[in-house]
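Read the figures in this text as sums done on the coordinates, not as results from a lab. These numbers were taken from a predicted model, which means no experiment stands behind them. All Cβ positions, even for glycine, are placed from backbone atoms using ideal geometry, and neighbour counts span all protein chains on display.
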Amino acid sequence: MMKYLPKFKSDRLRCLLLTAVLWTTPWLFLKYFFISKLIQDTEYVSTHACLVVYGQTMAVYYILGSYVFPVFLYRKKFLSVILILFILLNAAHVVNYFELHYLKQFSNGDPLKPSYIQKLWVRYFEPNGLLGVFKDVNIWHFTYAWSFFVVSIMLLFKVVKDILISLGRELRLERDKLRLENEKLQLEKNNLSLESKAMELQRDNLSLELDFLKSQINPHFLFNILNSIYLRTLDTNQEATMLVLKLAELMRYSLYNTKEDKVLLGDELRYINNYLDLERFRHPDQVEISFQLQGSPENITIPPLLLISFVENAFKHGVQDTISNSYVRVFVDVEDQGLYFTVENSLSVLDDQSCKELNKSQGGIGLQNTTKRLQLYYPDQHLVEVHKSESNYQISLHITFSR
């Protein structure tokens with residue numbers, strides 16, 4: 001904000017200087033070309049009269065230019081304007097009445113040769129009183145010429161300026177209107193293009209739906225087979241029974257629960273636990289697999305299958321072809337403000353070619369899709385950090401929940 005202060009002060013100073021020049025000009029005109037030349041009286045009388053007329057000029061200018069014109073004249077309320085002008089004219093007459101009554105005693109005239117001020121007072125103001133502007137047309141003419149002549153010229157320039165500003169504003173509005181119409185035409189053109197693409201997508205969706213219906217046979221078939229295996233091993237091999245059950249739960253979650261935009265965090269973590277149990281069966285001795293949960297995941301929802309890519313990546317690149325005594329550790333911390341999910345796995349000593357393949361696969365399709373989904377569902381609300389050493393790889397995800 002501070003960088004705008006010099007410009008603000010400069011603009012304000014320029015405005016003050018312009019206003020000072022604007023009001024210096026009428027004062028010079030009144031003092032040296034109008035009032036003084038007209039009354040030809042003492043310096044005190046001349047200066048006093050100039051100050052009064054100058055004050056009237058400023059008052060009338062701001063009353064008419066800042067209020068009456070914008071509120072009444074430019075809105076074509078002419079009767080109100082006429083009424084206000086009569087009130088201002090009578091107010092100026094009252095000020096002039098007391099002004100002449102005061103100045104006549106300081107004037108340089110005498111009974112045989114009265115001054116201009118004394119003639120005005122004796123002939124017009126004293127006989128007609130405070131309402132003389134409505135009694136004698138000569139007083140009306142004098143009041144206008146004395147109090148309103150200079151301000152009329154200034155207001156004429158202001159009206160011309162306001163008209164030019166209004167025309168400029170209307171031209172800008174017309175230009176903006178044309179620009180908006182052009183943008184509207186462009187949007188309509190784009191909409192037509194989008195509608196065409198939508199029709200193509202609809203056609204492709206129909207084809208995909210047909211393929212999806214065809215593919216439904218396979219999941220149902222697999223579930224039936226798994227159910228048969230479960231029943232056959234129920235009494236003979238408890239370990240195989242549990243494996244079949246967890247595999248069925250894994251498939252059921254992947255096929256059916258993931259149709260929703262959001263799932264319960266607890267269901268997502270149970271899915272990961274089932275996946276870890278199956279991996280424990282695959283690596284019974286050489287891999288340490290642990291899962292630790294802190295906090296309560298109840299009543300919290302996240303996009304489905306958002307976290308599994310981190311776990312799959314650990315087994316794919318941290319356990320396969322690795323040394324013995326390797327490990328995969330999953331840590332979950334659920335707080336009111338957010339979720340902390342960390343996966344840590346061991347790394348083996350690989351040759352150069354294997355290292356290149358590992359570095360390339362770290363940004364594989366699964367993690368790339370997860371990154372895109374995080375940006376879609378939690379823009380500016382998530383943070384992914386990777387820490388890697390020669391024997392260890394750790395990836396951490398922090399999601400801040402919206403309140």
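Structural remarks
- Within-12-Å neighbourhood charge of ARG280 [Cβ basis; K, R +1; D, E -1]: -3
- Restricting the range 228-297 to chymotrypsin sites (Phe, Trp or Tyr not before Pro) that sit in a DSSP loop and have at most 13 other Cβ atoms within 10 Å of their own Cβ leaves TYR256.
- Over 24 Å apart at the Cα level, from the set LYS197/LYS262; LYS316/LYS372; LYS76/LYS177, are LYS197/LYS262; LYS76/LYS177.
- For PRO304, net neighbour charge (Lys/Arg +1, Asp/Glu -1) across residues whose Cβ lies under 9 Å away: -2
- Nearby aspartates and glutamates by direct alpha-carbon distance to LYS161 (threshold 19 angstrom, same-chain neighbours under 8 apart not counted): GLU170
- Residue-count net charge about GLN294 - beta-carbon cut-off 9 Å; Lys, Arg +1, Asp, Glu -1: -2
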